[in-house]
Amino acid sequence: MSVQYFSPITEANYGGNTTVNTSTYVRAYNNDDNAHLIAITTGPITIGSFTLGPAQEAFIKKEPIHLVNVAASAYSASIKLTGVDF
């Protein structure tokens, strides 16, 4: 089995609901000592959510119009989001 490599588009600190440049795949990294709730939404409707623990990463597959939302916290900007292309 070969390893899949990805090309990062841009890493950015979370600053509010975002499509992450309309990316279909998004890498989320928690650069904080606390866990954060991350949700995928279409505006008012939540499609799914998960908790990202401290110093953990996750790859999210979503539609280009879906938004990534990090639950409000003083440290939500410590979530790094990168649109990726496999």
Candidates I38, I65, I47 - the one that is out of contact with any Asp or Glu (no Cβ under 8 Å at 6 or more places or on another chain), open to solvent by 40 Å² or more (accessible area, probe 1.4 Å) and either of a type in the set (G, A, S) or assigned to a strand (DSSP E or B) (or both): I47
Residue that is modelled with the lowest pLDDT [pool: residues in the range 68-86 that are open to solvent by 20 Å² or more (accessible area, probe 1.4 Å) and assigned to a strand (DSSP E or B)]: D85
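The values are calculated or read from the model by the stated rules, or taken from the named source; none is laboratory data. From a predicted model like this one, the values you see are computed outputs, not experimental measurements. As a convention, Cβ positions derive from the backbone with ideal geometry for all residues, glycine included, and neighbour counts pool all protein chains shown. For the accessible areas, the whole protein counts, side chains as well, though only heavy atoms, and no ligand, DNA or RNA atoms are used. Shrake-Rupley method; radii C 1.70, N 1.55, O 1.52, S 1.80 Å.
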